[in-house]
Every structure is written in C-alpha cells, then in structure tokens.
1. Which residue, Leu50, Leu99, Leu120, has the most motion in a Gaussian network model of the chain that connects Cα atoms within less than 10 Å?
2. Of Trp65, Gly41, Gly104, which is farthest towards the positive pole of the chain's charge dipole, taken about the Cα centre with +1 and -1 on the beta-carbons of Lys, Arg and Asp, Glu respectively?
3. Counting Lys and Arg as +1 and Asp and Glu as -1, each charge on the Cβ, what is the dipole of the chain about the Cα centre in debye, to the nearest 20?
4. Once you've got the GNM for the chain with C-alpha springs shorter than 10 Å, pick whichever of Ile36, Ile27, Ile111 has the biggest mean-square fluctuation.
5. Enumerate the helices in the chain for which the Kyte-Doolittle hydropathy averages -0.5 or more and the C-alpha atoms extend at least 30 Å along the helix's axis, using complete DSSP H runs.
6. Would you compute, from DSSP H runs of 4+ residues alone, the mean residue ellipticity of the chain at 222 nm, taking -39500 (n - 2.57) per run and dividing by the full residue count, rounded to the nearest 500?
7. How many angstrom lie between the C-alpha centres of the range 85-130 and the range 22-56?
8. For a quick check, take a GNM of the chain with Cα springs below 10 Å and name the residue from Arg34, Arg82, Arg97 with the largest mean-square fluctuation.
Amino acid sequence: MPSDRSWMGYGIDGALQVGGIALLAGIVAYVVVRLIGKANGWSHGLELTLAALLAFFLAGGEDIWNSFYFNFVPIQSPQLLRVKLAAVHDPDSMGLRVLFEMMGALVGTGIGWAAFSGGLKDLIGHIRNP
C-alpha cells in the first residue's frame, strides 16, 4: 500500500524534500552498517556499498518500484493505468524524485563514511603527506 505523501511538494520541491530524507537515510544506514561491519572486519568498500543499497531501499523504495513498474510491466487497459497512476504522488516528477533519492542516498553514505569511519582524516593525511 502506498504511503501518504500529501505533505510532499510537487516538482522540484518534492524532489528536494525526498533528497534530504534520502541523505539522512544514507547517514543512518552507514552508521548501522559500520557498526555491524566493524565487528565482522568488513572493508570500507563493502560497508559503503551495503549502506548505499540500504539507503536506496529505505528512502526510495516506493518511487524506484513505481518507476520500474511503469516501464517494464505491460499494462493491458487504460483503466488499470489510471488506477495505478492515481496511487502515485506527482507522477510527472517521479523520475526527478528517483534521481534525487539516489543522489541523496549516495551523498549521505559518503558523509557518514567521512564522519564516522575516519576515512576523510586518512584521505586528507595522504594528500598532505604523500
């Protein structure tokens, strides 16, 4: 069942809102994956990948699914198409929302990596002292 998105704006406003939510989801996902990964000895690459995929799923699951559904599932009747489109908030800007969700999740995961893993400190240290 689709979630209630009556609070969300239309067009670029809605895309920026979901991008911000995805950014926060990316940070939280990285922190959770980092805690599990540190205990299991995972590399930074594995942690970043799993955190980004988790953030994609948490923040953009419904829009990504709708985008996939409307592109690949054959819809046999105009009535079914109307019903499916009526359940989507702002179908005209769905692709923009998916893009901003993915960018927000990736940027949030990167911010989480920089803030919680010490990776940014190591990176800057290698740049200053080659």
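Taken together, the values in this text are just the output of simple stated rules run on the coordinates, not laboratory data. As the structure is a prediction and not an experimental result, all values here were calculated from the model. Heads up, the Cβs are rebuilt from the backbone with ideal geometry, glycines too, and the neighbour counts pull from every protein chain shown.
1. Comparing Leu50, Leu99, Leu120 in a Gaussian network model of the chain, the most mobile one is Leu120.
2. Comparing the listed Cα positions along the dipole, Gly41 ranks first.
3. Computed about the Cα centre, the dipole is about 300 debye.
4. Ile36
5. Span-like helices here: 12-40, 44-72, 94-116.
6. After summing the helix terms and dividing by the residues of the chain, the value is -26500 deg cm²/dmol.
7. 12
8. Maximum among the listed residues: Arg82.
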